[in-house]
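Visitor: Sending over a structure as structure tokens; questions will come in a sec.
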Amino acid sequence: MDCYKKAKEQGMREVDEEQGAVADCHAVRDRFIKSVLYVMKYGMFLLAVFYVCLCFSMRLTARETSYAKEECMLYYMVNTDGMKGLGHSILMVVDGEGCGTVLSFNGMQRSLTESLMGKSGIGKLSVGAMDAEETEAFLLSGDLSLDGDQLADHYDMALYRPITQEDYRIVLSQAEPYREAEERFTALYQKWVTEEDKAEKEKYYQALEQMGEDESLPLYRIYTNNCDHAARRMASSVDQDLLDYTDNAWRITPNGNLKAFGKEAEKWGVMTLGAQGIRERILLFLVSF
């Protein structure tokens, strides 16, 4: 009986110890979860505070350019609520007579889903021309009303600087590879659409796919060669500061890049175009990445 009693007591002690160990494990787990939730709660708060401070530090105010006066002008512009609020960039050059030419690059060959998945393709460079009166009205109102992709919208902010007549010619020449690739693609696409022979149609399709992957062409890539990259690369052909910024830029949105470059390039002027609504003001402030 004594042996049985001792064995029973020993077993009960072992059960109690096991239950105690389990309780300790549960307590440790609960403390860990509470710690993680605490860190997440206050970590997100601190991250939000940091981001808001970053946004404040990147705010741009209107200023005049400090470059010497030249006969032509260069404008790097953004529509803050373009591309679902991430922004859309265009470039405008103005000649000695005050007439503006607008350049806007966007995807054409791929769908938005394919582009978001990282697929490259031939893009479309829309080019619009305005006379001096229309150019002046656009700079005052921000309202662009031309035929072409993203050329009938409201633009909110611009960085600008004077350029020479030769610079004007150089910037416009940067558009030629984009237009040539688009024309080649369009001609090939028309052949693919109208071809009735299945074998020939497949050849045209494969040729279109190869064009969309040809690294020698200025392909549209939503993450590495979008509207903003194209605008900055064309403009940087005559501006070393913009070229240096573009070579080292890590931001991925037009809004973020225009503000970041505007903070660095103090010789460029800053201007707002027309009246900005609450939505545009919020997006221009918050989109800084």
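The values are calculated or read from the model by the stated rules, or taken from the named source; none is laboratory data. Keep in mind it's a predicted model, so treat the numbers as computed, not measured. Here the Cβ positions follow ideal geometry from the backbone for every residue, glycine too, while neighbour counts run over all protein chains shown. We work out accessible area using only protein heavy atoms, side chains counted, and drop any ligands, DNA or RNA first. Shrake-Rupley method; radii C 1.70, N 1.55, O 1.52, S 1.80 Å.
Visitor: Which residue, of Gly269, Gly274, is closer than 22 Å to Thr61 by Cα, open to solvent by less than 10 Å² (accessible area, probe 1.4 Å) and small (Gly, Ala, Ser)?
Guide: Sole residue among the options that is closer than 22 Å to Thr61 by Cα, open to solvent by less than 10 Å² (accessible area, probe 1.4 Å) and small (Gly, Ala, Ser): Gly269.
Visitor: Continuing with this model, one more query. Within the range 99-113, can one find any residue that is of a type in the set (A, V, I, L, M), closer than 26 Å to Leu284 by Cα and in contact with a Cys (Cβ under 7 Å, 6 or more places away or on another chain)?
Guide: Within the range 99-113, not a single residue is of a type in the set (A, V, I, L, M), closer than 26 Å to Leu284 by Cα and in contact with a Cys (Cβ under 7 Å, 6 or more places away or on another chain).
Visitor: Go through the range 122-134 and report how many residues are outside any strand (DSSP E or B) and buried (at least 20 other Cβ atoms within 10 Å of the Cβ).
Guide: 1
Visitor: Looking at the range 266-288, is at least one residue farther than 30 Å from Phe50 by Cα and in contact (Cβ under 8 Å) with a residue 12 or more places away in the chain?
Guide: Yes, the range 266-288 contains a residue that is farther than 30 Å from Phe50 by Cα and in contact (Cβ under 8 Å) with a residue 12 or more places away in the chain.
Visitor: Under the condition of being under 23 Å from Ser288 (Cβ atoms) and open to solvent by 10 Å² or more (accessible area, probe 1.4 Å), which residue from the range 66-85 is farthest from the chain's Cα centre (by Cα)?
Guide: Filtering first and then ranking leaves Tyr75.
Visitor: Within the range 150-208, how many residues are touching a residue at least 24 places away in the same chain (Cβ under 8 Å), under 25 Å from the mean Cα position of the chain (by Cα) and not in a helix (DSSP H, G or I)?
Guide: 13
Visitor: Which residue pairs have Cβ atoms under 7 Å apart, sit 6 or more places apart or on different chains, and have a first residue in the range 126-148 that is at positive phi and a second that is part of a loop (DSSP other than H, G, I, E, B) and open to solvent by less than 80 Å² (accessible area, probe 1.4 Å)?
Guide: Gly142/Tyr155; Gly142/Asp156; Gly142/Leu273; Gly142/Gly274
Visitor: Here's something else I'd like to know. Tell me yes or no: at least one residue of the range 236-247 is more than 24 Å from Tyr168 (Cα to Cα) and aliphatic (A, V, I, L, M).
Guide: No, that holds for no residue.
Visitor: Of Asp247, Asp241, which residue is out of contact with any helix residue (DSSP H, G or I) (no Cβ under 6 Å at 6 or more places or on another chain), modelled with pLDDT under 95 and outside any strand (DSSP E or B)?
Guide: Checking each option against the conditions leaves just Asp247.
Visitor: At pLDDT 90 or above and in contact with a helix residue (DSSP H, G or I) (Cβ under 6 Å, 6 or more places away or on another chain): which single residue out of Asp131, Asp156 fits that description?
Guide: Answer to the check: Asp156.
Visitor: Here is a further query. Hey, Ala137 hits all of (1) open to solvent by 30 Å² or more (accessible area, probe 1.4 Å); (2) over 30 Å from Asn255 (Cβ atoms) but one; which does it fall short on?
Guide: With respect to (1) open to solvent by 30 Å² or more (accessible area, probe 1.4 Å); (2) over 30 Å from Asn255 (Cβ atoms), Ala137 is out only on (2).
Visitor: Ok, one more. Go through (1) touching a residue at least 40 places away in the same chain (Cβ under 8 Å); (2) open to solvent by 30 Å² or more (accessible area, probe 1.4 Å); (3) not in a helix (DSSP H, G or I) for Arg233 and report which single condition fails.
Guide: Here Arg233 clears every test but (3).
Visitor: Something else: Please go through the range 104-121 and pick out each residue that is out of contact with any strand residue (DSSP E or B) (no Cβ under 7 Å at 6 or more places or on another chain) and part of a loop (DSSP other than H, G, I, E, B).
Guide: Listed by number, the residues that qualify are Ser111, Met117, Gly118, Lys119.
Visitor: Another question, then. Here is a list: Ser111, Ser104, Ser173. Which entry is at pLDDT below 95 and either under 12 Å from Ile90 (Cα atoms) or open to solvent by less than 70 Å² (accessible area, probe 1.4 Å) (or both)?
Guide: Ser111
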